[in-house]
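Enquirer: I have a structure I would like to understand better, so I am pasting it below and will then ask my questions one at a time.
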Amino acid sequence: MGHGRWESTGRSFYISSSASASNMGRDEYFKSRTVTDELNVKKITGVRESRDSEQNPESNAIILGLDVTGSMGDIAHQIAKDGLGKIIEGILDQQPVTDPHIMFTAIGDVRYDSTPLQASQFEADHRIIEQLNQIYLEGGGGGNATESYDLAWYFAGTLTSIDCFEKRNKKGYIFTFGDEEVPAGITEAQLKAVFDKGTQHGATASQAFDLANKMYHVFHVIIEEGSHCRYRNKERVINGWKQLLGNRALPLDNYHHLPELVLAAMHIAEGADIKEVINNTQGQAVKNSLRHAFGV
C-alpha cells in the first residue's frame, strides 16, 4: 500500500474534516463500537506493506501508535481527533523524510481488552484520515500499570514489509504515545489470540523492541498528563522508559505539543541539529516542551 500522494485535495480534505469535527464529542466523532475489518489485525492475510510507486519512488514507512485505554481518558480522544491529524499533516507537508507512508495503530491491554491492537494500512494521501476516523476507542486497560506498547513493536517487526529498509537499508519510524510504564511482555497464547496465528514463542518487551528496531527507529512519547503518569509515580515511569530506550524515550508535559515533538524527533534523527530544530519551532511554550522532552 501507500499509493496516492498528499496534494492540495488531501490537505483540503483534512482541513474540512478537522473543522467539522472540532466541536464533536468522543462518541460522535469516533462511531466505531468494535474493531472494523480495515483495522483488525486478525484480518491480515500476509503483511502490511509500504511499497515504492511512481508517485512515491522513495517511500519511508512511519507508524504512529496511540494508547487508547482508560488511563489516557479524554486525552486519547483529543490526540486521536486532533493530534494525529496534525502529525500526519506535518509529516506530509514538511517531509522530514521523502515520500512518507503513514500507518496508525491503536494500543490497548493484551491482558484485559477485547481489541488490544488495531492497525491501518500504510497510506500516503487522505485515506490516512479516513482510516483514522474508524478507530475503536475501547477505553479499557487494567490495574497492571502498563499497556501493550510492545504489541505495536512486535507487529511492526513481524507483520510489516517496507521498501525503505528492504531496498535502501533505511529504517522507518515507529512512535508510540502513552502514559503508563514499560510493558511486561507478551505470552505465546496472547500473541496467538491477538493475531489469530500460531507463534513459536512469546516476547519480552526488550525482545519486541529488538524486532522493531531492526527496521524502525523506535520512539516512545510519555504523556505526562495521562492519569497513570500524573497520579502515580511519574519518575518511575520515565526512568523505566529511559532505561529501555535511552534518549528515544521522550517525556511530554503538554500533549497539545505532540505534533511538534514528533516532527522535531524525526528531523533530529535525520541529522538536524537539536538546538536549531527547537529554536526554529514556533511558540515559547512549544520550545519549552521540546527542551523538556529532549533534556536540553
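The values are calculated or read from the model by the stated rules, or taken from the named source; none is laboratory data. Being a predicted model, the structure only gives us computed values, none of them experimental. When we count neighbours, we look across all protein chains shown, and the Cβ atoms used for this are built from the backbone with ideal geometry, even at glycine. Just so you know, the surface numbers come from the protein's heavy atoms only, side chains and all, with ligands and any DNA or RNA stripped out. Shrake-Rupley method; radii C 1.70, N 1.55, O 1.52, S 1.80 Å.
Enquirer: Does at least one position in the range 196-207 carry a residue that is surrounded by fewer than 24 Cβ atoms within 10 Å (Cβ to Cβ), at negative phi and touching a residue at least 60 places away in the same chain (Cβ under 8 Å)?
Expert: No, every residue in the range 196-207 fails to be surrounded by fewer than 24 Cβ atoms within 10 Å (Cβ to Cβ), at negative phi and touching a residue at least 60 places away in the same chain (Cβ under 8 Å).
Enquirer: Still on this structure, I have one more. Looking at the range 173-185 only, could you name the residues that are open to solvent by 10 Å² or more (accessible area, probe 1.4 Å) and either part of a helix (DSSP H, G or I) or among the β-branched types (Val, Ile, Thr) (or both)?
Expert: Listed by number, the list holds a single entry, Val182.
Enquirer: Also: For residues that are more than 22 Å from Leu263 (Cβ to Cβ), open to solvent by 10 Å² or more (accessible area, probe 1.4 Å) and in contact with a Gly (Cβ under 8 Å, 6 or more places away or on another chain), tally how many sit in the range 61-75.
Expert: 3
Yes/no per residue for (1) touching an Asp or Glu at 6+ places or on another chain (Cβ under 8 Å); (2) open to solvent by 30 Å² or more (accessible area, probe 1.4 Å):
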{"position": "Phe209", "(1), (2)": "yes, yes"}
{"position": "Ala212", "(1), (2)": "no, no"}
{"position": "Ile222", "(1), (2)": "yes, no"}
{"position": "Glu235", "(1), (2)": "no, yes"}
{"position": "Gly240", "(1), (2)": "yes, no"}
{"position": "Val286", "(1), (2)": "yes, no"}
{"position": "Leu290", "(1), (2)": "yes, no"}
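Enquirer: Could you please find all residues in the range 45-60 being open to solvent by 10 Å² or more (accessible area, probe 1.4 Å) and either in contact (Cβ under 8 Å) with a residue 24 or more places away in the chain or small (Gly, Ala, Ser) (or both)?
Expert: Hits for the range 45-60 are Gly46, Val47, Arg48, Glu49, Arg51, Asp52, Ser53, Gln55, Pro57, Glu58.
Enquirer: Restricting the search to the range 126-143, which residues are within 23 Å of Gly90 (Cα to Cα) and either at pLDDT 95 or above or open to solvent by less than 40 Å² (accessible area, probe 1.4 Å) (or both)?
Expert: Scanning the range 126-143 gives Ile128, Ile129, Gln131, Leu132, Ile135.
Enquirer: Please go through the range 31-44 and pick out each residue that is open to solvent by less than 100 Å² (accessible area, probe 1.4 Å) and more than 14 Å from Leu117 (Cα to Cα).
Expert: Ser32
Enquirer: Which of the residues that make up the range 127-172 are assigned to a loop (DSSP other than H, G, I, E, B) and hydrophobic (A, V, I, L, M, F, W, C)?
Expert: Ile135, Leu137, Ala145, Leu159
Enquirer: Can you find, within the range 98-125, the residue that is farthest from Val182 (Cα to Cα) among those that are out of contact with any Asp or Glu (no Cβ under 9 Å at 6 or more places or on another chain) and surrounded by fewer than 23 Cβ atoms within 10 Å (Cβ to Cβ)?
Expert: Checked the range 98-125; the qualifying residue farthest from Val182 (Cα to Cα) is Tyr112.
Enquirer: Give Arg248, Arg230 a once-over and let me know the one that is of a type outside the set (Gly, Ala, Ser), open to solvent by 70 Å² or more (accessible area, probe 1.4 Å) and in contact (Cβ under 8 Å) with a residue 12 or more places away in the chain.
Expert: Result: Arg230 is the single residue among Arg248, Arg230 that is of a type outside the set (Gly, Ala, Ser), open to solvent by 70 Å² or more (accessible area, probe 1.4 Å) and in contact (Cβ under 8 Å) with a residue 12 or more places away in the chain.
Enquirer: For the range 82-125, which residues satisfy the criterion of being farther than 26 Å from Asn280 by Cα and basic (Lys, Arg)?
Expert: Arg111
Enquirer: Among residues belonging to the range 144-157 that are open to solvent by 10 Å² or more (accessible area, probe 1.4 Å) and modelled with pLDDT of 95 or more, point out the one that is nearest to Ile223 (Cα to Cα).
Expert: Tyr154
Enquirer: Any residue in the range 215-238 that is in a helix (DSSP H, G or I), more than 21 Å from the chain's Cα centre (by Cα) and of a type in the set (S, T, N, Q)?
Expert: Within the range 215-238, none of the residues are in a helix (DSSP H, G or I), more than 21 Å from the chain's Cα centre (by Cα) and of a type in the set (S, T, N, Q).
Enquirer: Scan the range 250-282 for residues that are part of a helix (DSSP H, G or I) and either small (Gly, Ala, Ser) or in contact with a Ser or Thr (Cβ under 6 Å, 6 or more places away or on another chain) (or both) and jot them down.
Expert: Listed by number, the residues that qualify are His257, Glu260, Ala264, Ala265, Ala269.
Enquirer: Quick one: Gln200 ticks every box in (1) outside any helix (DSSP H, G or I); (2) among the polar types (S, T, N, Q); (3) at pLDDT 95 or above bar one, so which box is it?
Expert: (3)
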